[in-house]
């Protein structure tokens with residue numbers, strides 16, 4: 001299996017929307033085939049429309065706040081005494097996370113489709129918060145589906161969603177986390193697709209939602225590739241781009257423009273608590289291929305082949321599946337994947353927040369854990385860039401409970 005150069009990764013599927021003949025597809029009920037086909041046709045038209053791209057870019061710059069900063073973490077680099085460590089501080093985007101790109105584009109598409117209502121799923125609360133913000137900005141009525149467990153542990157974002165005028169629908173089935181929120185959101189869309197647009201919060205689900213999300217978050221790497229060239233004069237030969245991976249949206253955005261370069265991609269999944277056998281890391285635990293939310297992917301399963309339970313301190317990574325695009329990158333050996341435990345993520349958060357003027361959420365803290373582990377083994381000429389894709393405000397209660405204090 002090989003990644004084709006010069007062709008956008010989101011377009012490297014066959015006629016059945018499968019990547020590498022194994023991942024992705026549209027495994028949906030008959031009632032959703034027409035809405036998905038209509039949305040696919042609309043998006044393919046809009047992504048080639050210069051007026052739409054100009055409109056997108058306008059809102060990315062004047063609403064989202066592009067470009068987000070690219071900074072050297074000098075204190076962390078000096079402390080670890082190895083590679084030079086940089087961060088793309090995407091958490092400086094409006095709302096505090098990368099989810100704002102996908103939310104903005106989906107609201108623009110909803111308006112083009114003539115829809116007045118928009119729905120979405122959320123785990124960490126950032127996808128829901130950003131969608132509620134964008135819906136308010138563009139005059140759409142919004143519902144957010146969120147697991148009851150996540151509502152309890154992500155109160156700051158829950159409060160923000162309500163403040164933006166969106167309705168939160170608590171999901172009390174299954175594990176009461178992101179996987180169940182996505183399921184309930186899709187069930188709702190089946191019955192309301194004539195009036196309602198659905199925004200899937202990550203690069204998961206039927207193919208069109210994977211495409212829209214990855215196309216939207218690619219703004220991160222469009223900025224970064226210019227920032228790296230400005231910093232070094234050219235792309236460094238030994239450069240590693242490290243990103244946390246749950247559904248996989250921030251990583252796809254972070255890596256997109258570097259796909260045809262020699263940059264190494266490292267995805268870090270949620271390894272869960274050290275004393276638990278549960279995790280949210282299908283790529284690093286030899287999980288089998290299964291169907292989840294309309295797409296074939298590596299997915300955590302039990303002995304009977306049912307979707308398995310997951311556990312992570314990070315609500316945004318607490319998902320049993322993974323984007324088909326990441327499955328494709330893994331099998332093609334274009335990216336490698338590892339995991340960090342809850343404890344390692346907390347330790348990384350503490351060190352980065354103490355040494356630097358950034359405060360990553362628990363999701364990118366997993367990526368920082370890998371950078372901290374890797375940097376001392378490398379040389380000064382090696383470059384590590386971490387996507388600090390979310391702000392820790394939403395996790396302040398968890399962090400205070402686990403560490404005894406909250407640093408910001």
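At-a-glance table
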{"quantity": "Filtered residue count, the stretch 329-341, keeping only those that are buried (at least 24 other Cβ atoms within 10 Å of the Cβ) and in a helix (DSSP H, G or I)", "calculated": "1"}
{"quantity": "Cβ pairs under 7 Å, 6+ apart, first in the stretch 112-133 and on the phi > 0 side of the Ramachandran plot, second surrounded by fewer than 24 Cβ atoms within 10 Å (Cβ to Cβ)", "calculated": "125/158"}
{"quantity": "Residue in the stretch 298-305 that is closer than 22 Å to residue 20 by Cβ, surrounded by fewer than 14 Cβ atoms within 10 Å (Cβ to Cβ) and more than 20 Å from the chain's Cα centre (by Cα) present", "calculated": "yes"}
{"quantity": "Of all residues making up the stretch 158-183, the number that are in contact with a strand residue (DSSP E or B) (Cβ under 6 Å, 6 or more places away or on another chain), free of Cβ contacts under 8 Å to residues at least 60 places away in the same chain, part of a helix (DSSP H, G or I) and more than 19 Å from residue 138 (Cα to Cα)", "calculated": "1"}
{"quantity": "Residues of the stretch 294-322 satisfying the condition of being in contact with a helix residue (DSSP H, G or I) (Cβ under 8 Å, 6 or more places away or on another chain) and either within 27 Å of residue 399 (Cβ to Cβ) or modelled with pLDDT under 95 (or both)", "calculated": "307, 310, 312, 313, 314, 315, 316, 317, 318, 319, 320, 321"}
{"quantity": "Condition met for residue 323 (surrounded by fewer than 17 Cβ atoms within 10 Å (Cβ to Cβ), within 28 Å of residue 348 (Cα to Cα) and outside the structural domain of residue 146 (by TED's automatic domain parsing))", "calculated": "no"}
{"quantity": "Members of the stretch 299-312 found to be without any contact (Cβ under 8 Å) to a residue 60 or more places away in the chain and part of a strand (DSSP E or B), listed by number", "calculated": "301"}
{"quantity": "The stretch 358-398 - residue that is modelled with pLDDT of 95 or more and out of contact with any strand residue (DSSP E or B) (no Cβ under 9 Å at 6 or more places or on another chain) and, of those, nearest to residue 94 (Cα to Cα)", "calculated": "376"}
{"quantity": "The listed residue being farther than 22 Å from residue 95 by Cα and buried (at least 24 other Cβ atoms within 10 Å of the Cβ), out of 147, 233, 201, 205", "calculated": "205"}
{"quantity": "Selected residue (only one of 16, 41 is under 26 Å from residue 191 (Cβ atoms) and loosely packed, with under 12 Cβ neighbours inside 10 Å)", "calculated": "41"}
{"quantity": "Criterion (over 18 Å from residue 127 (Cα atoms) and surrounded by fewer than 21 Cβ atoms within 10 Å (Cβ to Cβ)) met by exactly one of 269, 223", "calculated": "223"}
{"quantity": "Flag for residue 278 being in contact with a helix residue (DSSP H, G or I) (Cβ under 8 Å, 6 or more places away or on another chain) and modelled with pLDDT of 95 or more", "calculated": "no"}
{"quantity": "Qualifying residue in the stretch 112-123 (condition: out of contact with any strand residue (DSSP E or B) (no Cβ under 7 Å at 6 or more places or on another chain), assigned to a helix (DSSP H, G or I) and at pLDDT 95 or above)", "calculated": "yes"}
{"quantity": "Filter result for residue 152 (under 30 Å from residue 357 (Cα atoms) and modelled with pLDDT under 95)", "calculated": "yes"}
{"quantity": "Search result, residues across the stretch 275-293 that are more than 16 Å from residue 318 (Cβ to Cβ) and either buried (at least 23 other Cβ atoms within 10 Å of the Cβ) or touching a strand residue (DSSP E or B) at 6+ places or on another chain (Cβ under 7 Å) (or both)", "calculated": "288, 289, 290"}
{"quantity": "Only listed residue being surrounded by fewer than 24 Cβ atoms within 10 Å (Cβ to Cβ), over 20 Å from the mean Cα position of the chain (by Cα), at pLDDT 95 or above and in the same structural domain as residue 117 (by TED's automatic domain parsing), chosen from 261, 195", "calculated": "195"}
{"quantity": "Residue in the stretch 374-408 that is farthest from residue 218 (Cα to Cα), counting only those that are out of contact with any helix residue (DSSP H, G or I) (no Cβ under 8 Å at 6 or more places or on another chain) and part of a helix (DSSP H, G or I)", "calculated": "401"}
{"quantity": "3 or more residues free of Cβ contacts under 8 Å to residues at least 60 places away in the same chain and within 23 Å of the chain's Cα centre (by Cα): qualifying helices (runs of 4 or more DSSP H) within the stretch 1-102", "calculated": "50-59"}
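The values are calculated or read from the model by the stated rules, or taken from the named source; none is laboratory data. None of the values given here were measured: they were computed from a predicted structure. Every residue, glycine among them, receives a Cβ derived from its backbone with ideal geometry; neighbour counts consider all protein chains shown.
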